[in-house]
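Colleague: Quick one: this structure, given as structure tokens, is what I'll be asking you about.
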């Protein structure tokens, strides 16, 4: 029976990946700074950070495949240097330790945001052939993820059996950490936003993303990246769907790009220096939205057998989860 390590297993995708791996018959170990919910009796939990070499090596003992999901996934973080520490250096620590420990396979979880073009190119879809540059990255999150992926692909070129996956926007119930997609949907469902910045989102059911990550571990080709996506939707098309499902009025007016940029700058400055709480927008988030284009995940479908379902069920779960949380706060 294979032993799989999931770094960041307490996160949104990680929790679903644990369920997927258990259903496939793997023994599962988790390395995370936070306790994993559920399945505690079925997994071996190691508390610690991916930046701690000794802890990473202990977690990798006898591991056949490591799924490296741990990282800072938020577009705002109080200590900006943590992006590089956790996302880049943490990835390098895991890769180096896996090489020393003789781990058979590594699956590195990157992000679709580093593949976005610097400028929108009509309706052209982005696929795995995208060749981003560091100077194209609009902020500290994408820079750290770009450098982490570059290190991973470099290790594969040096001979490690390593595969990269690039999830798009996973959605579903139970995103406790309020990653950017969950925060955006919660903002609209709360009625606190009168405007929206129209963009293209590639939405995927988080269960499908988790299955795609597991399939990459079993069937992916070393040195390749695989986009794990779902449906491309313009936000202006998505908001009426949320309105029907929730019964809440969604914003009707798209904000001009210059206003969105100014809002991101001001909101991030206030978060950094005054509130110390996540802002409604960031400069990096606005820049990514303005670059947004559709994604193509045919490579994952053809090579991994990835088969994303329609997102309707996941959207319903997001709405119902928001309603439960709102009722619990009353």
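Just so it is clear, none of the values below were taken in a lab; they were calculated from the coordinates. Everything quoted here is computed from the prediction, not taken from an experiment. Cβ coordinates were reconstructed from backbone atoms using ideal geometry, including for glycine residues, and neighbour counts include every protein chain displayed.
Colleague: Quickly estimate the mean residue ellipticity at 222 nm for the chain, helices only: each DSSP H run with n ≥ 4 gives -39500 (n - 2.57), and the total goes over all residues, rounded to 500.
Modeller: Details: 11 runs with 134 residues, N = 330.
It comes out at -12500 deg cm²/dmol, rounded to the nearest 500.
Colleague: Enumerate the residues in the stretch 178-197 having an amide nitrogen under 19 Å from the point lying 7 Å beyond the Cα of residue 274 toward its Cβ.
Modeller: 192-194, by backbone N distance to the label point.
Colleague: Counting every Cα pair in the stretch 36-173, what percent are over 19 Å apart?
Modeller: Details: 5204 of 9453 pairs.
Pairs farther apart than 19 Å: 55 percent.
Colleague: Let me ask something additional. Would you mind listing how long the stretch 141-192 runs along its three principal axes, going by Cα atoms, in whole Å with the largest first?
Modeller: Computed over the stretch 141-192, the largest-to-smallest principal extents equal 50, 22, 15 Å.
Colleague: Also: Dividing the convex hull volume of the Cα atoms of the stretch 236-297 by its residue count, what figure in Å³ per residue is obtained? List each step's numbers first, then the result.
Modeller: Working: hull volume 8.3 nm³, N = 62.
It is 135 Å³ per residue.
Colleague: Something else: Please state the relative contact order of the chain as a whole percent: Cα pairs under 8 Å, 6+ residues apart? Write out the running numbers ahead of the final one.
Modeller: Details: 649 pairs, mean separation 62.7, N = 330.
In percent, rounded to a whole number, it is 19.
Colleague: Using only alpha-carbon positions, what ratio does the radius of gyration of the stretch 166-217 give when scaled by 2.2 N^0.38 Å?
Modeller: Working: Rg = 12.9 Å, N = 52, 2.2 N^0.38 = 9.9 Å.
That ratio works out to 1.31.
Colleague: Here's another thing I want to ask about it. Rounded to the nearest whole Å³, what is the per residue volume of the convex hull around the Cα atoms of the chain? If you can, show how the numbers build up before the last one.
Modeller: Values: hull volume 43.8 nm³, N = 330.
Given the Cα convex hull of the chain, per-residue volume reads 133 Å³.
Colleague: Over what distance in Å are the Cα centres of the stretch 1-26 and the stretch 150-194 separated?
Modeller: Here the two parts' Cα centres lie 16 Å apart.
Colleague: Roughly how many Å is it from the Cα centre of the stretch 237-262 to that of the stretch 55-93, as a whole number?
Modeller: So the two Cα centres are separated by 34 Å.
Colleague: Based on the Kirkwood radius over alpha-carbon pairs, what is the Stokes-Einstein translational diffusion coefficient of the stretch 213-272 at 25 °C with 0.890 mPa s viscosity, in µm²/s? Walk me through the numbers before you get to the answer.
Modeller: Working: Rh = 15.8 Å.
Result for D is 155 µm²/s.
Colleague: Let me ask something else about it. Taking every pair of alpha-carbon atoms in the stretch 103-196, what share in percent sits in each 10 Å bin, from 0 to the bin with the longest distance?
Modeller: Going from the shortest bin to the longest, the percentages are 13, 35, 34, 15, 3, 0.
Colleague: With the alpha-carbon atoms as the only input, what is the per residue convex hull volume for the stretch 142-260 in Å³?
Modeller: Numbers: hull volume 15.2 nm³, N = 119.
Dividing the Cα hull volume of the stretch 142-260 by its residue count gives 128 Å³.
Colleague: Sort the stretch 1-112 into rounded, prolate or oblate with this rule: let a ≥ b ≥ c be the square roots of the eigenvalues of the Cα gyration tensor; rounded if a/c is under 1.5, and if a/c is not under 1.5, prolate when a/b is larger than b/c, oblate otherwise.
Modeller: Values: a/c = 1.78, a/b = 1.30, b/c = 1.38.
Oblate is the answer for the stretch 1-112, as a/c is 1.5 or above yet b/c matches or exceeds a/b.
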